[in-house]
Amino acid sequence: MSTRTNPATTDGPTDTTKTATMVGAFLPGDGTVDLRATPRPRVGHGQVVLATRASGVCGSDIHYIYNGHIGEGGAAYEGVVAGHEPAGEVIEVGPGCKRLKPGDRVAVYHISGCGQCDECARGYFIGCTSESRAAYGWQRDGGHAPYILAEENTCVPLPEPLTYVDGAFIACGIGTVYEALSRIALNGADRLLVTGLGPVGAAAALVARAFGVTTVYGAEVVPKRMEWARSLGLFDEVLDSTVEPLERIHELTGGTGVEAAVDCSGHHAARSLALKALRVRGRLALVGEGGQMTLDVSNDVLHKQVRISGSWVTSVQGMTRLGELLARRELHPELLVSDRFPLEEAGRAYEAAAGRAAGKVCLVFED
């Protein structure tokens, strides 16, 4: 297996090189976590070194890496420090940096692109197809270590009063639904249905509240997640998808259906429910990865004149706007964290994320 190493310099500041190594979490692909020594990062041109304060565990880590290295291309894991949802404090700034200084609090957009293509110019590093594209925690060292080397252009200011744990989820989970709900122009006049109430589905409800939506329904099949979703205070009603949920939606809306829906499950039945629950001229955003979707095109799409939009993560600019919005609304993604662990218990953190955890799992680091 090839490993892409992070750039390093030999003449940069020495603050982070007092010790040559640190402990990082690696994922062998057999359902375990390997904590081992790895070189402590050294800053290069256009780069910063962060002291990691929080680093989330994502469902894609479990699916593509933890239980087997099944990804290809941009989803291929190249044996680096895991974790693509970090936030931290800038402690070292390399030559060529123009915005950041030591002490700045930042969240990290989880892809580093070439910076030259059309997608990068738009801030959607996720869509970069250059060979130089590298995802934190996949092809370059990520956040499951005390320090992380980051490109300055992937760092987004973390405004007060957001916490580092808040920041860890702005790029991937929260940013993904922010982008999706923006694309269907969700607003305070809408009622929203969310299908699939894992961390991303709960994040959709959080973002909807930030947009001023006053009525949010959720639908789920897993009892543990239904219970967790109800505890958050973000949903007006959580529906059991195994018990005629469409009928209940019609009852709740006076037979009209909801103005907007978002599927965060990737399951065909949930997508069908989200589509059928729409009222005339409703809008559906698809976020959940994988699976299939069967459409009754005439009755469910054409005759109802609905809009269906796909969305894949967000942009650096979108991530910045999202952070500002959450700070203004005093909404904290940290609410969605059900389990926290220190780095030395990363194995337990991944076990929780792969099984018993209802919500988000996060590694937290001492200041």
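The values are calculated or read from the model by the stated rules, or taken from the named source; none is laboratory data. Here the structure is a predicted model, which is why all the values come from computation and not from measurement. All Cβ positions, even for glycine, are placed from backbone atoms using ideal geometry, and neighbour counts span all protein chains on display. Each accessible area value is taken on the protein alone, full model and side chains, heavy atoms only, with ligands, DNA and RNA left out. Shrake-Rupley method; radii C 1.70, N 1.55, O 1.52, S 1.80 Å.
When the chain is modelled as a GNM with alpha-carbon springs shorter than 10 Å, which of Ser311, Ser60, Ser231 fluctuates the most?
Highest fluctuation of the listed residues: Ser231.
In nm, to one decimal, how far is the Trp312 label point from the Ala76 one, both placed 7 Å along Cα→Cβ?
So the label points at Trp312 and Ala76 sit 1.7 nm apart.
Select from Ile249, Ile70, Ile62 the residue whose mean-square fluctuation is largest in a Gaussian network model of the chain (Cα-Cα springs shorter than 10 Å).
Top of the fluctuation ranking is Ile70.
Pull out the extension gain between Glu237 and Glu330, defined as 0.36 nm times the separation in residues minus the alpha carbon to alpha carbon distance; nm, one decimal.
Net length gain for the segment: 31.2 nm.
Counting Lys +1, Arg +1, Asp -1, Glu -1, what net charge surrounds Leu162 among other residues with beta carbon under 10 Å of its beta carbon?
For residues surrounding Leu162, the net value is -4.
What is the sum of charges, Lys and Arg at +1 and Asp and Glu at -1, for the other residues whose Cβ falls under 13 Å from the Cβ of Ala346?
-3
Could you tally the net charge around Gly257, taking each other residue with its Cβ under 13 Å from the Cβ of Gly257, Lys/Arg +1 and Asp/Glu -1?
Charge balance near Gly257 sits at +2.
Could you look at the chain and say what percent of its accessible area is carbon and sulfur, using a 1.4 Å probe and all protein chains?
Using a 1.4 Å probe with all protein chains present, the chain comes out at 50 percent carbon and sulfur.
Taking the Cα centre of the stretch 118-246 as origin and charging only Cβ (+1 Lys, Arg; -1 Asp, Glu), how large is the dipole, in debye to the nearest 20?
So the magnitude is around 100 debye.
Return the single residue from Val49, Val200, Val280 with maximal mean-square fluctuation; model: Gaussian network over the chain, springs between Cα atoms under 10 Å.
Val280
For Leu239, what residues show an amide H to amide H distance below 5 Å, using hydrogens built from the backbone and excluding near sequence neighbours?
Long-range HN contacts for Leu239: Gly218, Ala219, Glu220.
Would you calculate the separation in nanometres between label points at Ser130 and Ala185, each defined as 7 Å from the Cα along the Cα-to-beta-carbon direction?
Label at Ser130, label at Ala185, 3.5 nm between them.
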